[in-house]
Structures are given as structure tokens and as C-alpha cells.
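Computed from the coordinates by the stated procedures, all read-outs in this text should not be read as laboratory data. From a predicted model like this one, the values you see are computed outputs, not experimental measurements. All Cβ positions, even for glycine, are placed from backbone atoms using ideal geometry, and neighbour counts span all protein chains on display.
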Amino acid sequence: MKISVIGCGYVGLVAATCFAEMGNDVVCQDIDGEKIRALEGGKVPIFEPGLEELIKKNVRAKRLSFTVDFEKVVLHGEVIFIAVGTPPRDDGGADLSYIENVARGIAAIAKVPKIVVEKSTVPVLTGERVEQVLKCGNGNAGKECIQHMVVSNPEFLREGSAVKDFLEPDRIVIGTNSEKARAVMEKLYAPLKAKIVFTDIKSAELIKHASNSFLAAKISFINAVANICEKTGANIQDVAYGMGLDKRIGASFLNAGLGYGGACFPKDVDAFIWIAERNGYDFGILKEVQKINRLQRALFAKKVEDILWVLKDKTIGVLGLAFKPNTDDMRLAPSIDIINALQKEGAKIKAYDPEAMERAKTVLRGVEYCNSMYDVAKDADALLFLTELDEFRKIDFEKVKKLMRQQVICDGRNMFNPAELRSLGFNYVSIGRV
Ligand SMILES: NC(=O)c1ccc[n+]([C@@H]2O[C@H](COP(=O)([O-])OP(=O)(O)OC[C@H]3O[C@@H](n4cnc5c(N)ncnc54)[C@H](O)[C@@H]3O)[C@@H](O)[C@H]2O)c1
């Protein structure tokens, strides 16, 4: 099938590459010329396990190409995926200007009916707007009347395992009112042999926002329980294990820690609250989810301060900057708020993250970046674990102990055993475990 993907970010690039891997002829377009030049030169602008090899393989096989040319991408595909950003606005709503621009562009350029797919995460009722924009007579003056078809096909991939998630999804959601579009989408995804959920457009849009908000709620819930554990002396890992064995609850997303970050959960929860409000419903439970998430970062910074007392001129080592493992994505990472809070009190920050340091340099100021975990530990008054990377699990604590000025470990991801760390002579704090 001829497939077009507009937007070469985490979602667009992975989707385009995977569609090519599935045997389709894919053109992926972006307005960011630098990104496209890098891709054409064989460089992948994001870190995502397995992606680079798959891009190279499919470019070589001439199934995948990149362009800045909007007309080219619109004319190419029978199916056009819109995978541009939908960033948060100040009022919490999603900024849909990129989606609108692309939809208007498609309406102006396409000469035959296209299947236009919302791949980006958008609030419910966006599909109606896209349909209006694509309709003949809507600013498409002088054009022959073309009946485009709209599909909502939200993406559920997770950064860090995006390729695998795309090729082995739990489910594929296809929301459309067009029989033809439904059949084409079903054929496109058939090689994945995944469960497909067919709905109308609005329900598909809601499935995405409701899913992300539910997962965010699970994270905030377990973090709230962790705070009760700390106050009462219970152990959050035992509590979560006991809860998770109940099949109605499930074990995933019950790891207490520093809360959620990244480009999706925070903005999707915001946007869900916003669209609910626009439709006359106060989604109070989600407001509480946000509040707990913000508090979790502040409580962690406070824990560090409680141990070190005066933070001014103390050296604090930070291991892990990205919002989760195996990504370089720094968007709304807990590390940003925690480091900012510690710097505000005068602490000096040294940090290491194998993937995210280049991006971190654009959002964090006054941080000394190191080449290894041990460089970070050297002369540090405390060592903070903010991302649960496997590399960190293998750290040699005997060596760390000798390098540090004060033997303080603050584990924001419950990666280590408190008794073991204390027996090694560390002052160790974590989340929901005393
Ligand atoms: N990142 C994730 O894990 C993830 C998962 C599921 C869904 N989503 C959703 O997918 C969408 C994209 O997310 P992302 O993380 O890939 O964003 P991103 O910022 O990494 O990529 C968006 C890309 O779109 C490009 N773009 C913007 N306007 C354009 C235009 N008019 N024409 C062509 N390209 C344009 C940008 O230059 C950028 O490269 C968002 O709605 C997001 O919520 C993201």
C-alpha cells in the first residue's frame, strides 16, 4: 500500500518505519528540514531501541523515504497518517493548530479521495473538525469536490520500546464512519495479527485519552499509597504486589516512584480535563491525579533536603535524567523539577544519563555532565537515582561509597534493597519504604 506519514517525531518515525517493514511503500514528511536532512544522511534524530537498524533496512529496500515536501507526501499515499505534535496550551487544552494546518493542506492539494488518519493524540470531537476542514466548500474554493475519509487510529506505543509496541500491540483502535476506510485500515494492519477494535471516530479518540488518564491515575494512586506507607511504616512494594495479584487490578503501573512525565501523560490528562470541562463535566478525579504527581517530585526534593540539611554548596549527583529508561526524551521529566528545586536552594548538581544528556542540556542550566556513574558519585554529598536504568542496577556500591563525600543514596525508583544498602553503610531513602 502507498502510505504517507506527516510528522517524523517519536510516533511518525516509528509508524512510518514499521509500515515500511510490513511491506508498504512509505513516504514520511516533516517541516523540520534539519530532521529530514539527518534522516536522509542515515542519522536518526531520536534514540529508540531497534529503530535505526529498521530505518536503514527499509531505506535500502526503497520502501521508506523522507521529505520536507508537503505536496509530495499528500500526493503519495492512499492513506495519510497525521502524526504531528499536539502540545499543551496554557489553558490545558491541546494545541490543534498543527493538525488543522495539515488537514487544510491535504484538502488543498489532494486530487483524489484520501483516507486521512488521526495518529496524533487528539481530544474527542477533533475528527469532526478534521472532517469539516476536508469537506469541499470549506476554503477549498475552485477545487473539484472530493470526499475524503477520516479515521481515528490512536497510537499506544511507549517510548523506549516503541518499535516492539507498534509491531506487537495489545490492540489496534480504528474509529471511522466509512466502510471503505475501515476495510483499507483492516488490510493495512492485518500482518500484525492483532486484536482490532472498530468504533466510531469519537469513541476511538476517547479510548486514547481515557487509557492514558487511567494509567496516570494508577501511578498517582500507588504514589499516594506510598506516602501512607512512609507515614505508617508499611512497605509499598509488598502492598503493590498484594494488590496487583488481583486480576481486576493487575500488577503493571503499580511501581511507586517519582510520578509520570514525558510528552504524553501530563498533556493528555490536562487535555482530558479540558475537553470534559468544555462539555460541562468537572473531571475532579483527574485534577487530583495531577496534584499528586506534582507533589511527588516536591516530596522527593524535600527528602534530599531533610537528609543533607543545608543544601547550599552541597554536591548532589543525579543518575538518570530522562523521564523513563531507554529514551532520550526529557519532556516534563521529574528530574527537571527535582534538579531545579535543589539548585534553588544552592546545591551543585552533577549528572549522568547514557542517552538523555544532550537533550538535558537544552532544558537544565548549571549542571555538570559526567561520563560515568562513578564520575557523578565522586565527592558527592548524595547520589540520586531518578531513572530506573539497568546500567544503574549494576553499580558497584563499595566503589561508590569510597568516592562519595557523604554516603547518602536517595532512590526515587525503588531500585535497591534498603537493608542491603544500609548494611553497606549508606544512609538510604526510597519511596514508600522505611
Ligand atoms: N511520544 C509518544 O510516546 C507518543 C505515544 C502515543 C501518541 N503520541 C502522540 O503522537 C503525537 C506526536 O507525538 P510525538 O512524540 O511523535 O511528537 P514529536 O514532537 O516527537 O513529533 C512531532 C513532529 O511533527 C512535526 N510537525 C509539526 N507540524 C508539522 C507539519 N505541519 N507538517 C509536518 N510535520 C510537522 C514536528 O516537526 C515533529 O518532528 C502527539 O499527539 C502525541 O501525543 C505520542
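Numbers at a glance
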| item | result |
| --- | --- |
| Placed amide H near Val151: partners under 5 Å, 5+ positions off or other chain | Val116, Val117, Glu118 |
| Hydrodynamic radius (Kirkwood) for segment 200-434, which is based on Cα pairs only, to one decimal in Å | 18.5 Å |
| Unsatisfied cross-links (Cα-Cα over 31 Å) in the set Lys218/Lys378; Lys56/Lys180; Lys208/Lys350; Lys361/Lys394; Lys195/Lys247 | Lys218/Lys378; Lys56/Lys180; Lys208/Lys350 |
| Charge dipole (debye, nearest 20) of the chain; +1 at Cβ of Lys and Arg, -1 at Cβ of Asp and Glu | 240 debye |
| Taking segment 263-412 and dividing mean pair separation by its residue count, relative contact order in percent (alpha carbons under 8 Å, at least six apart) | 23 percent |
| Where no second cysteine Cβ lies under 4.7 Å, the cysteines concerned in the chain | Cys8, Cys18, Cys28, Cys229, Cys264, Cys370, Cys410 |
| Table column - 3J(HN,Hα) (Hz), segment 189-196, Karplus curve with 6.51, -1.76, 1.60, x for Gly and Pro | 8, 3, x, 7, 6, 9, 5, 10 |
| Net charge contributed by nearby residues that have their C-beta within less than 11 Å of Thr17 (K/R +1, D/E -1) | -1 |
| P(r), alpha carbons of segment 202-280 - 5 Å bins starting at zero, rounded % | 3, 14, 21, 20, 16, 13, 8, 4, 1, 0 |
| Kirkwood Rh, angstrom, segment 2-197 [1 / mean 1/r, Cα pairs] | 16.9 Å |
| For segment 2-197, size of Cβ-based charge dipole, Lys and Arg +1, Asp and Glu -1, in debye | 660 debye |
| Rounded to the nearest 20 debye, dipole of segment 221-351 from Cβ charges on Lys, Arg, Asp, Glu | 220 debye |
| Net charge of neighbours whose Cβ lies under 15 Å from the Cβ of Arg37, counting Lys and Arg as +1 and Asp and Glu as -1 | -3 |
| Cα-Cα separations in the chain greater than 42 Å, expressed as whole percent | 21 percent |
| Top positive-direction residue, dipole computed over the chain with Cβ charges, set Leu134, Ile31, Gly9 | Gly9 |
| Per residue convex hull volume, Cα atoms of segment 303-434, in Å³ | 94 Å³ |
| Among Ile285, Ser152, Pro325 the positive-end extreme of the charge dipole of the chain (Cβ point charges) | Pro325 |
| ³J(HN,Hα) computed for each position of segment 395-411 - Karplus, 6.51 cos²θ - 1.76 cosθ + 1.60, integer Hz, glycine/proline x | 4, 8, 5, 4, 5, 4, 4, 6, 6, 7, 7, 10, 8, 10, 10, 10, 9 |
| Interchain or long-range residues, amide H under 5 Å from Leu384's placed H | Gly317, Val318, Leu319, Cys410 |
| Eligible lysines near Lys231 by straight Cα distance, threshold 18 Å, same-chain separation 8 or greater | Lys302, Lys303 |
